[in-house]
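The values are calculated or read from the model by the stated rules, or taken from the named source; none is laboratory data. As the structure is a prediction and not an experimental result, all values here were calculated from the model. Methodologically, a virtual Cβ is constructed for each residue, glycine included, from the backbone with ideal geometry; neighbour enumeration extends over all protein chains shown. Each accessible area value is taken on the protein alone, full model and side chains, heavy atoms only, with ligands, DNA and RNA left out. Shrake-Rupley method; radii C 1.70, N 1.55, O 1.52, S 1.80 Å.
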Amino acid sequence: ALGLYTVNAVYGDTITMPCRLEVPDGLMFGKWKYEMPNGSPVFIAFRSSTKKNVQYDDVPDYKDRLSLSENYTLSIKDARISDEKRFVCMLVTEDDVSEEPTIVKVFKQPSQPEILHQADFLETEKLQMLGECVSRESYPEGNVTWYKNGRVLQSVEEAVVINLQKIVDKSTGLFTMTSSLQYMPTKEDANAKFSCIVTYYGPSGQKTIQSEPVVFDVHYPTEKVTIQVLSHRTIKEGDNITLKCSGNGNPPPQEFLFYIPGETEGIRSSDTYIMTDVRRNATGEYRCSLTDKSMMDSTTITVHYLDLQLTPSGEVTKQIGEALPVSCTISSSRNATVFWIKDNTRMQTSPSFSSLQYQDAGNYICETALQEVEGLKKRKTLKLIVEGKPQIKMTKKTNTNKMSKTIVCHVEGFPKPAVQWTVTGSGSIINKAKETKYVNGKFSSKIVISPEENVTLTCIAENQLERTVTSLNVSAISIPEYDEPEDRNDDNSEKVNDQAKLIVGIVVGLLLVALVAGVVYWLYVKKSKTASKHVDKDLGNIEENKKLEENNHKSET
């Protein structure tokens, strides 16, 4: 057939074969025949050039499938594999018979290959049937190639064994290709994609069809055991600890032995082991292994703790001026921060009381937290009460209008003393006093009066500890007297005291200067009198007269 005209047809389509002879003059008829394998002819179609009629020979394979056109082109419907023959077009005249052969080739695309009889799983170090790649109804026969992750699998003795079978359907002449793959996987074949490709020939040349990829579950033994802590990043007392042990085999081991600090024997458990409400003694090394005690792994767990001891704590009552040592002791698993809070305000330094004052009273909190351990905080409180007997200081001040005086009773003490004013002598109680705010154990009670005569006022301050009484004489409003300033704060009092000391010093200095000057003058006068005794006696009369005149002048004065 080499060099002959060939018609390529697709299985099931119509085969069209033109008669490639030039129609001669005097043509009587045209005929088509095909040749048997032994060379004998079989006529199948006839067309007369004069009567224009067409006749088809009684050939069973071509019944109702043939069509012969006026130009002697032969068409065969529903192409079959059996149509692959040598057909001959014949044009006959009275003098000659012309023939032109045509070779028919039929092609059938195979079905998409499928991987059948797949293994449920693959085991390493074991040659086993992975599956069969099957592609059906191909013509001509195709070829099957296996691929792993897109690369061709070549046969390797005792590792990759490929067998290809091609079976032809005698009724249709179509081929079915079956390629089996025996494979010994490795651990690296987990998630590998296996596929197969069928290579076949069509009318236009060589083509391929690929199967859907298949991933197999590859089983391999555990080679390493790992223990993990699934709890928080840092663990503190009271937390739960969840340990997880895993093996890198497939399928992974389902049971393990867990070794807990202080326990000599392993505890058999699933891959998870939970400990609840752990204490600091749970700190240590934790291990796990396979149930056969092979392949062990370990990890160290630290259970963080924080203890706080405040001395003294709770409610403490002390007297003003007393000393109170305070200590806040910390014991922890790592560095802890400590700070003090007094009455909701953070303190810059720790409290220390060598001589308690009223302002030292309050609610103290010693609080500590463990660095980098979330939620681990401790605090203890000290409620300090500073008690003191009432102390009184009274002051008076004439108001600027000169019509009244303000009398102030400055009171210290805790619990807060109750203050009462009375007029000494009459015993009458004054109820119009005004009090300042009670701060740090101090406050003032003030009254304004306009006395017509001298009076004595009494301020009485009393609390649970003692009753204190102090009196102050107040002159009538018409009698001038020195005013006394009201108490000021400590800083101002110190400044006033310093100024008073300075003034007193100046006054004393001036008095000393005056005294010295007086002594000098007296000595001078005395010396003058001694010298005058040596003066002429006649002057004596004159001096006596002068003295008499001076005495007279003094008397007048």
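Cβ separations smaller than 7 Å between residues 6+ apart or across chains give no pair from the stretch 383-404 residues that are at positive phi to residues that are at pLDDT 90 or above and outside any loop (DSSP other than H, G, I, E, B). Looking at the stretch 347-426, the strands (runs of 3 or more DSSP E) lying wholly inside it that each contain 3 or more residues that are within 21 Å of Ser444 (Cα to Cα) sit at 377-398, 405-414, 418-423.
Entry remark, the stretch 152-161: residues being touching a residue at least 12 places away in the same chain (Cβ under 8 Å) and either under 52 Å from the mean Cα position of the chain (by Cα) or surrounded by 13 or more Cβ atoms within 10 Å (Cβ to Cβ) (or both) number 4 in total.
Every condition in (1) surrounded by 14 or more Cβ atoms within 10 Å (Cβ to Cβ); (2) at pLDDT below 95 holds for Cys133 except the one numbered (2). When residues in the stretch 281-334 are screened for being in contact with a His (Cβ under 8 Å, 6 or more places away or on another chain) and open to solvent by 50 Å² or more (accessible area, probe 1.4 Å), 1 of them pass.
Among the residues of the stretch 462-477, those identified as open to solvent by 70 Å² or more (accessible area, probe 1.4 Å) and out of contact with any strand residue (DSSP E or B) (no Cβ under 6 Å at 6 or more places or on another chain) are Gln464, Arg467. Look at Glu188 and say whether it is surrounded by fewer than 18 Cβ atoms within 10 Å (Cβ to Cβ), modelled with pLDDT of 95 or more and either among the charged types (D, E, K, R) or in contact with a helix residue (DSSP H, G or I) (Cβ under 9 Å, 6 or more places away or on another chain) (or both). No, not satisfied. Would you confirm, using the coordinates I've provided, whether Gly266 is on the phi > 0 side of the Ramachandran plot and either charged (D, E, K, R) or assigned by the TED database to the domain that holds Gly284 (or both)? Judged against the criteria, Gly266 is not a match.
Of all residues in the stretch 239-260, those that are farther than 26 Å from Val218 by Cα have Cβ atoms under 6 Å from Cβ atoms of residues that are of a type in the set (S, T, N, Q) and assigned to a loop (DSSP other than H, G, I, E, B), 6 or more apart or on another chain, in Asn240/Thr276; Ile241/Ser231; Thr242/Ser231.
In the stretch 139-151, of all residues being open to solvent by less than 70 Å² (accessible area, probe 1.4 Å) and in a strand (DSSP E or B), the one that is nearest to Gly205 (Cα to Cα) corresponds to Tyr139. Taking the conditions (1) farther than 14 Å from Phe43 by Cβ; (2) out of contact with any Gly (no Cβ under 7 Å at 6 or more places or on another chain); (3) surrounded by 13 or more Cβ atoms within 10 Å (Cβ to Cβ) in turn, Asp57 satisfies each one other than (1). Of all the residues in the stretch 425-459, those that are touching a residue at least 40 places away in the same chain (Cβ under 8 Å), closer than 15 Å to Ile392 by Cβ and of a type in the set (Val, Ile, Thr) number 1.
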